[in-house]
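For reference, the structure is listed below as structure tokens.
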Amino acid sequence: MKTASPKSREARRPRDAEQSRNLILQAALEEFSTYGHSGARVDRIAGSAGVSKPLIYDHFGDKDGLYAAALKQAYVQIREGERELKLDDLGPEDAIRSLVRFTMDHFREKPWFIRMLNTENLLGGETIRRMEDAKDVQSILVERLQTVLKRGAASGVFRDDVDPVEFYVFIASLCYFPVSNIHTLRVVFGLPMDADWLNRRADEAAEMVLGYLRPQDGRKTR
């Protein structure tokens, strides 16, 4: 049976610019995270997204423009997931537990996120430095996390001197390493590295960061 070409699939589908853009970005995330910037091919992205190469160039200009958009999309996806957690509806400690578990789960379930970050770091952060609204994307998380930390400090369960950005780096670090090094950890240390093991690490990571947040001797630090 003959497979329909990307162009014919595109012709059969109602033209929806937003849908096409989302399909392209998802295909680009998977392509760039698998092959890196230099190894990625626009024709494979077009095939995976079911669109024509000219349409990709119309949306993003060139391969570098597509890579930049995919990198931004990787950050947008994790920020959108964090927004759905409704941290403001949870007590401060439960909000932190929810954020830590989400972070571990996102790294596991969206493998392109870690790989895209690795690719960009190998490139020396060149693309993200040129991304004018990169800080705006991150500011959503920082503001929400700062609100949680302030609520915890006001109720006496958290210290009042914790920087939200540095604290998030702490959370991301604890969740990032087991997932980014899953294969080597499994071989070198004989760890199972399955879903149950990673779920336990997420729970333990949450308790670790909560221990860091709690005032010593039940008192605030300032």
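All of the numbers you see were taken from the coordinates with simple rules; none came from a lab. As the structure is a prediction and not an experimental result, all values here were calculated from the model. Reconstructed Cβ throughout: ideal geometry from the backbone, glycine too, with neighbour counts over all protein chains shown.
Structure notes:
- Backbone HN-Hα couplings from phi across segment 161-177 [Karplus 6.51/-1.76/1.60, Hz, Gly and Pro as x]: 10, 9, 7, x, 5, 5, 5, 5, 4, 4, 4, 4, 4, 5, 8, 5, 4
- Shown for the chain: lysine pairs separated by 8 or more places, or found on different chains, whose C-alpha atoms are under 13 Å apart, numbering 4.
- Of Leu85, Leu55, the sequence from fewest to most neighbouring Cβ atoms within 10 angstrom is Leu85, Leu55.
- Angle in degrees between helix 111-122 and the longest Cα principal axis of the chain, rounded to the nearest 10: 90
- Per-pair calculated FRET efficiency, R0 = 30 Å: Glu84 and Trp197 via Cβ, rounded to 0.05: 0.75
- Sites Ala17 and Gln216, calculated FRET efficiency, Cβ-Cβ separation with R0 45 Å, nearest 0.05: 0.25
- Residue with peak Gaussian network fluctuation, the chain [Cα springs, cutoff 10 Å], from Ala134, Ala205, Ala195: Ala195
- Here, P(r) means the percent of Cα pairs in each 5 Å bin from 0 to the largest distance; for the chain it is 1, 6, 13, 15, 15, 13, 12, 10, 7, 4, 2, 1, 0, 0, 0.
- Highest-MSF residue in the chain out of Pro178, Pro192, Pro164 [GNM, Cα springs under 10 Å]: Pro192
- When the trypsin sites (Lys or Arg not before Pro) in segment 95-191 are filtered for DSSP coil states and for at most 10 other beta-carbon atoms within 10 Å of their beta-carbon, the remaining sites are Arg130.
- Karplus-derived 3J(HN,Hα), 6.51/-1.76/1.60, for each residue of segment 66-73, Hz, glycine and proline x: 5, 4, 4, 5, 5, 4, 4, 4
- Segment 199-205 - phi-based ³J(HN,Hα) in whole Hz, Karplus 6.51/-1.76/1.60, Gly and Pro as x: 5, 5, 4, 5, 5, 5, 4
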